[in-house]
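*Asks:* To start, I am sharing the structure in question, which I have written as C-alpha cells.
The values are calculated or read from the model by the stated rules, or taken from the named source; none is laboratory data. Treat the numbers as computed from the prediction; the structure is a model and nothing was measured. All Cβ positions, even for glycine, are placed from backbone atoms using ideal geometry, and neighbour counts span all protein chains on display.
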Amino acid sequence: MDKDSIDKIEIVYLKSVNYLEIKNVMLEAYPNMQSSYWKEHHIETLNTLFPEGQVAIMVNDEIAGCALSIIVDSAKFSEKHTYKEITGNYSFNTHTPKGDKIYGIDVFIRPKYRGLRLGRRLYDYRKDLCEKLNMKAIIFGGRIPKYHEYADKFTPREYIEKVRRKEIHDPVLDFQMSNDFHPVRVIKGYLEGDKESHEYAVLLEWDNIYYEAMSIKTITSKNIIRLGLIQWQMRLYKNMDELMQQAEFFVDAVSGYRSDFALFPEFFHAPLMADYNHLTEPEAVRMLAKYTDEMVKRFAELAISYNINIITGSMPELVNDKLFNVGYLCKRDGGVERYEKIHVTPDEARVWGLQGGKALKTFDTDCGKIGILICYDVEFPELSRILADEGMNLLFVPFLTDTQNGYSRVRNCAQARAVENECYVAIAGSVGNLPKVHNMDIQYAQSVVFTPCDFAFPANGIKAEATPNTEMTLIVDVDLELLKELNMHGSVRNLHDRRTDIYTVAKRVTE
C-alpha cells in the first residue's frame, strides 16, 4: 500500500462492518487456511458478548485488519490450555464479563497494508481497553510459524530463547515481544493443524500496571496524554533525506514510549540552507521553502506509520509569491492541518521578508482540542486566550531563539499562558550552531512543559524540562482531568473570573 494514497485511518467496532468484507480480509491474510476462517455466526456471537473487544482498522474506509478478543477468568484455565478450550470449542461461552484478563483470539492484517504498523495500533487499542476495564493483563497463545524450519535442531524453548536473543527471526514472535508481550510458557498442541508451528504456541502476556484489584472502572475518554518534545541539534546534513532520517529517528523514539504527540521546533530544517549560503538571505530562505511540500508529505507518512500526531515545527512557505512561516499538524488518522505564525519578528520581516499570517484556530485531535502558536506568537496573550475560549487544553509552541534573553521571553510568556488559560503549554526549540548559514549562527533552547500553578500541579508550574542546549527528547504525561478540576474548584479561577463586563478578546473574521 502506498502511504501517499492514505487519507484516513480509524478503528471501528465490527458491528458497523459488513461480514463479507471481514471474510475477504481473512482469506487474504490466511492464504494457507482457506477453510478455517471465522464464519458469520462467530463474529455475531463475539459482537453480542463483547462488542468493545471486536474492532477493525480502516484505511480510506476499507478494512485493513481486525482484532478479536474475549474476557476470561484466568483462574479457570491452566497455562497449558488449548485454543479450543479457551474459546469453548469456538462457541466463546468461556467469555466472562467479570473475568480478570483480556484474551486475544485473533489479529490479522491484509497483506497490502502490512508494513504500516497497523498491528501495533490494534494492540495499543487492546492495551487502552485493558486499562479502562481494569483488567490484570492481556494474554494469548502466539504461533511460532518459522519453528518448522528449526524443529530438528531446537526444542521450542530453545527456539524461543534464540528468537529473544535475535539469533533467529520469527515474524510473529518478534512482533509480539516488540509490543511488550513477554513469554510465559510453551504450550504443546495449542492449535490443531498448525503445521508451521508444529502445533506449539507461546503463551504471551502484557501486564496492566494500572490494575487495581476489586475496583470497577467505566470506559472514559482518554485523559492522560503523553507528549514527546524534540530538542533538536542544529548540524549540517548532506540533503533532505539525511535530515528526515534524523527526524524519523526521533519520531520512532518518542512513539516507542507510546507518546500521543511529537513536537518539533521552529525552522529545525534550517541546516538545508547551507547549500544556498552563496545567495542573499531572502533568496536562501525561498530555496528552503521548496522543501516544504515534500517534508509535509513525509511527516504525514511518519504520523501514520508510527501512530503518533506530529507537530512539524515550522517552515517557510510561498503563497502567491508571499513568504509565510507555517507548520502542519499531521495526525495519526491521516489528517493534515495547517497553522501560521501570526506575528513575525522584526528580524524575520527585515532579513527574510516574511509576512504575518491570519489563520488562528484550535485543532480537534484524538486527545481533545489543541492550539499551536509559533515562537513570537506566544508573547501575545490575546491569541492563546482566543484558543482557550474555543476549548483548548494543550498549547504547543515550536520556537527558535538565538540568545538566552530571546529564549527567556518565549519561556516566561509561555508559562504565563499556562496560568492564565488553565492549560498545559509545551515548548520545544533547537540548540547548537550553524556557522555556514547566514542569519542562523547560534541557537539557545530548553524545552519545557508548563502547568497551571495550583495544588494538583507542581508548585513552580513546571511539569518537566530538558537539559539546556543539549540534544534530547522530553517525554511528559499530562492529565486533562486535573484541568477540569482546576476550572471548577481551583484556588483561583482565571478563566471563570474574567471581567467580561469591562473587557473582551475577540477574533476578527478575515478572508
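*Asks:* Can you say whether D293 is in contact with a strand residue (DSSP E or B) (Cβ under 9 Å, 6 or more places away or on another chain), among the acidic types (D, E) and within 25 Å of Y424 (Cα to Cα), as far as the supplied structure shows? Working first, answer last.
*Replies:* Values: in contact with a strand residue (DSSP E or B) (Cβ under 9 Å, 6 or more places away or on another chain): yes; among the acidic types (D, E): yes; within 25 Å of Y424 (Cα to Cα): no.
Here the answer is no, as D293 does not meet what is asked.
*Asks:* Suppose we keep only residues that are β-branched (V, I, T) and within 21 Å of K127 (Cα to Cα) within segment 6-47. Which one would you say is surrounded by the fewest Cβ atoms within 10 Å (Cβ to Cβ)? Give the steps one after another, and end with the answer.
*Replies:* To start, the set of residues in segment 6-47 that are β-branched (V, I, T) comprises 6, 9, 11-12, 17, 22, 25, 43, 45.
Those left that are additionally within 21 Å of K127 (Cα to Cα): 9, 11-12.
Working: I9: 22, I11: 16, V12: 13.
Ranking the qualifying residues of segment 6-47, first place goes to V12.
*Asks:* Further question: Could you list, in sequence order, all residues of segment 301-346 that are surrounded by 23 or more Cβ atoms within 10 Å (Cβ to Cβ), under 23 Å from R114 (Cβ atoms) and more than 12 Å from the chain's Cα centre (by Cα)?
*Replies:* none
*Asks:* On to the next question. Which of the residues that make up segment 155-196 are at negative phi, part of a loop (DSSP other than H, G, I, E, B), of a type in the set (D, E, K, R) and free of Cβ contacts under 8 Å to residues at least 40 places away in the same chain?
*Replies:* Scanning segment 155-196 gives R165, E167, D170.
*Asks:* Of the residues L129, L116, which is part of a loop (DSSP other than H, G, I, E, B) and either in the same structural domain as T48 (by TED's automatic domain parsing) or more than 20 Å from N32 (Cβ to Cβ) (or both)? Write out each step before concluding.
*Replies:* On the way: L129 fails: part of a loop (DSSP other than H, G, I, E, B).
Criteria check complete, one pass: L116.
*Asks:* Right, here's the next one. When you scan segment 256-285, how many residues do you find that are at pLDDT 95 or above and charged (D, E, K, R)?
*Replies:* 2
*Asks:* Here's a follow-up. Let me confirm something: among D106, D73, which residue is surrounded by 12 or more Cβ atoms within 10 Å (Cβ to Cβ), of a type outside the set (A, V, I, L, M, F, W, C), within 24 Å of K136 (Cα to Cα) and under 25 Å from the mean Cα position of the chain (by Cα)? Before the answer, list the steps.
*Replies:* Numbers: D73 fails: under 25 Å from the mean Cα position of the chain (by Cα).
Exactly one of D106, D73 is surrounded by 12 or more Cβ atoms within 10 Å (Cβ to Cβ), of a type outside the set (A, V, I, L, M, F, W, C), within 24 Å of K136 (Cα to Cα) and under 25 Å from the mean Cα position of the chain (by Cα), namely D106.
*Asks:* Tell me the residue from I11, I71 that is hydrophobic (A, V, I, L, M, F, W, C) and closer than 28 Å to K297 by Cβ, please. Spell out how you get there, then give the answer.
*Replies:* Values: I71 fails: closer than 28 Å to K297 by Cβ.
Only one candidate qualifies: I11.
*Asks:* Also, quick follow-up: When segment 457-480 is examined, which residues are found to be farther than 19 Å from L395 by Cα, more than 25 Å from the chain's Cα centre (by Cα) and surrounded by fewer than 16 Cβ atoms within 10 Å (Cβ to Cβ)?
*Replies:* Our first condition is that a residue be farther than 19 Å from L395 by Cα; within segment 457-480, this holds for 459, 467-472.
Next cut, more than 25 Å from the chain's Cα centre (by Cα) only: 459, 468-469.
Correct list: A459, P468.
*Asks:* If I filter segment 136-149 for residues that are surrounded by fewer than 16 Cβ atoms within 10 Å (Cβ to Cβ) and in the same structural domain as S69 (by TED's automatic domain parsing), do I get at least one hit?
*Replies:* So the first thing to find is which residues in segment 136-149 are surrounded by fewer than 16 Cβ atoms within 10 Å (Cβ to Cβ), and the list is 148-149.
Narrowing further to those that are in the same structural domain as S69 (by TED's automatic domain parsing): 148-149.
Yes, some residue in segment 136-149 is surrounded by fewer than 16 Cβ atoms within 10 Å (Cβ to Cβ) and in the same structural domain as S69 (by TED's automatic domain parsing).
*Asks:* Here is a further query. Need the failing condition index for N60 against (1) surrounded by 15 or more Cβ atoms within 10 Å (Cβ to Cβ); (2) over 24 Å from D194 (Cβ atoms), just the number.
*Replies:* Just one mismatch for N60, condition (1).
*Asks:* In this structure, does V184 turn out to be crowded, with 20+ Cβ neighbours inside 10 Å, under 26 Å from Y90 (Cα atoms) and not polar (S, T, N, Q)? Reasoning before the result, please.
*Replies:* Numbers: crowded, with 20+ Cβ neighbours inside 10 Å: no; under 26 Å from Y90 (Cα atoms): yes; not polar (S, T, N, Q): yes.
Here the answer is no, as V184 does not meet what is asked.
*Asks:* Here is a further query. Restricting attention to segment 90-103, report how many residues are crowded, with 21+ Cβ neighbours inside 10 Å and either under 17 Å from the mean Cα position of the chain (by Cα) or not charged (D, E, K, R) (or both).
*Replies:* Summing the residues that are crowded, with 21+ Cβ neighbours inside 10 Å and either under 17 Å from the mean Cα position of the chain (by Cα) or not charged (D, E, K, R) (or both) in segment 90-103 gives 3.
*Asks:* Now, a different point. Given the conditions (1) among the aliphatic types (A, V, I, L, M); (2) more than 30 Å from K222 (Cβ to Cβ); (3) crowded, with 16+ Cβ neighbours inside 10 Å, and given that A247 satisfies all but one, which numbered condition is not satisfied?
*Replies:* (2)
*Asks:* Further question: Is it the case that segment 288-299 has a residue that's touching a Lys or Arg at 6+ places or on another chain (Cβ under 7 Å) and not acidic (D, E)? I'd like the intermediate steps shown before the answer.
*Replies:* Taking segment 288-299 first, the residues touching a Lys or Arg at 6+ places or on another chain (Cβ under 7 Å) are none.
Looking through segment 288-299, none of the residues is touching a Lys or Arg at 6+ places or on another chain (Cβ under 7 Å) and not acidic (D, E).
*Asks:* Determine the pairs where a residue that is over 17 Å from T401 (Cβ atoms) and touching a residue at least 24 places away in the same chain (Cβ under 8 Å), located within segment 463-474, has a partner that is assigned to a loop (DSSP other than H, G, I, E, B) and β-branched (V, I, T) with Cβ atoms under 7 Å apart, the partner being 6 or more residues away or on another chain.
*Replies:* Listed by first residue and then by second, the contacts come to K463/T451.
*Asks:* Does at least one position in segment 495-504 carry a residue that is modelled with pLDDT under 90 and among the hydrophobic types (A, V, I, L, M, F, W, C)?
*Replies:* yes
*Asks:* When you go through R409, R417 one by one, which is the residue that is at pLDDT 95 or above, surrounded by 18 or more Cβ atoms within 10 Å (Cβ to Cβ) and in contact with a helix residue (DSSP H, G or I) (Cβ under 7 Å, 6 or more places away or on another chain)? Even if it seems obvious, please write down each step before you answer.
*Replies:* On the way: R409 fails: surrounded by 18 or more Cβ atoms within 10 Å (Cβ to Cβ).
Just one listed residue meets the conditions, R417.
*Asks:* Of the residues E52, E21, E40, E28, only one is of a type in the set (D, E), touching a helix residue (DSSP H, G or I) at 6+ places or on another chain (Cβ under 7 Å) and more than 25 Å from E192 (Cα to Cα); which?
*Replies:* After applying the criteria, what remains is E52.
*Asks:* Also, I was wondering about something else. In segment 438-452, what residues are touching a Gly at 6+ places or on another chain (Cβ under 9 Å) and either among the polar types (S, T, N, Q) or surrounded by fewer than 19 Cβ atoms within 10 Å (Cβ to Cβ) (or both)? Let's see the steps before the verdict.
*Replies:* The initial filter retains those residues of segment 438-452 that are touching a Gly at 6+ places or on another chain (Cβ under 9 Å), namely 442-447, 450-452.
Selection gives I442, Q443, Q446, S447, T451.
*Asks:* Under the condition of being farther than 19 Å from P265 by Cβ and among the small types (G, A, S), which residue from segment 358-383 is surrounded by the fewest Cβ atoms within 10 Å (Cβ to Cβ)?
*Replies:* Here the residue is A359.
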